[in-house]
1. From (1) surrounded by 12 or more Cβ atoms within 10 Å (Cβ to Cβ); (2) farther than 19 Å from Val133 by Cα; (3) without any contact (Cβ under 8 Å) to a residue 60 or more places away in the chain, pick out the condition that doesn't hold for Gln39.
2. For Ile23, indicate whether it is closer than 26 Å to Lys131 by Cα and at pLDDT 85 or above.
3. Could you check the range 65-84 and list, in sequence order, the residues that are assigned to a strand (DSSP E or B) and modelled with pLDDT of 95 or more?
4. Do we find that Lys29 is within 26 Å of Ser138 (Cβ to Cβ), surrounded by fewer than 18 Cβ atoms within 10 Å (Cβ to Cβ) and either modelled with pLDDT under 85 or not hydroxyl-bearing (Ser, Thr, Tyr) (or both) in this structure?
5. Taking the conditions exactly as written (of a type in the set (Gly, Ala, Ser), surrounded by fewer than 16 Cβ atoms within 10 Å (Cβ to Cβ) and at positive phi), does Gly49 satisfy them or not?
6. Could you list, in sequence order, the residues of the range 56-93 that are surrounded by fewer than 13 Cβ atoms within 10 Å (Cβ to Cβ), under 23 Å from Leu31 (Cβ atoms) and out of contact with any strand residue (DSSP E or B) (no Cβ under 7 Å at 6 or more places or on another chain)?
7. Need pairs with beta-carbon distance below 6 Å; first residue among the small types (Gly, Ala, Ser) and within the range 76-101, second in a loop (DSSP other than H, G, I, E, B) and at pLDDT below 95; sequence gap 6+ or separate chains.
Amino acid sequence: MAIFKLPQINKMLHVVCYISNSIYLWSPKELDRFFKYVQQENDRKNISGILLYNDGTFVQVLEGEANEINALFTSIMRDRRHNHLTIMMDRSIEERIFGGYETRSISFGDVQEVKKIKSRILLPRASQYTKSVWAVLSPFFSLRQIGMKGYGV
């Protein structure tokens, strides 16, 4: 008797990138706790990306399986700690930019870290996806960097 295996279904990768305004200014201690929570949850769900905060503004890139990203983003949209959420990107992707991104804490006064992120995104044969992500993130790195905080997730 032959046993037939069902074909494995490739799980589609998806990205959502958004910018939002916090309803209050976060203290460094609050940000540390929040980013640690985000990091743990995203690791558990196999979601990669980056989350940046500056002076009341968040920008986040979330990459992962479409079902996980959609469920997480639905939760993010309901989160009352921020408002004026603007979706910058919401689409399928072929591969992750931030998969295996090693840096968990980004110090924005650190020029080397900005170079590391740029080199990860702006490869010589950069895809349209990577160029689009850099278009969203680059203003964050050119802002006055006092009070900026971010984490690769």
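The values are calculated or read from the model by the stated rules, or taken from the named source; none is laboratory data. Fair warning: this is a prediction, and the values are worked out from it, not measured in the lab. Please note: Cβ atoms are built from the backbone with ideal geometry, for glycine as well, and neighbour counts cover all protein chains shown.
1. Status for Gln39: all satisfied but (3).
2. No; evaluated as a whole, the condition is false for this residue.
3. Glu65
4. no
5. Against the criterion (of a type in the set (Gly, Ala, Ser), surrounded by fewer than 16 Cβ atoms within 10 Å (Cβ to Cβ) and at positive phi), Gly49 does not qualify.
6. Residues satisfying the conditions are Ser75, Arg78, Asp79, Arg80.
7. Partner pairs satisfying both residue conditions: Ser92/Met12.
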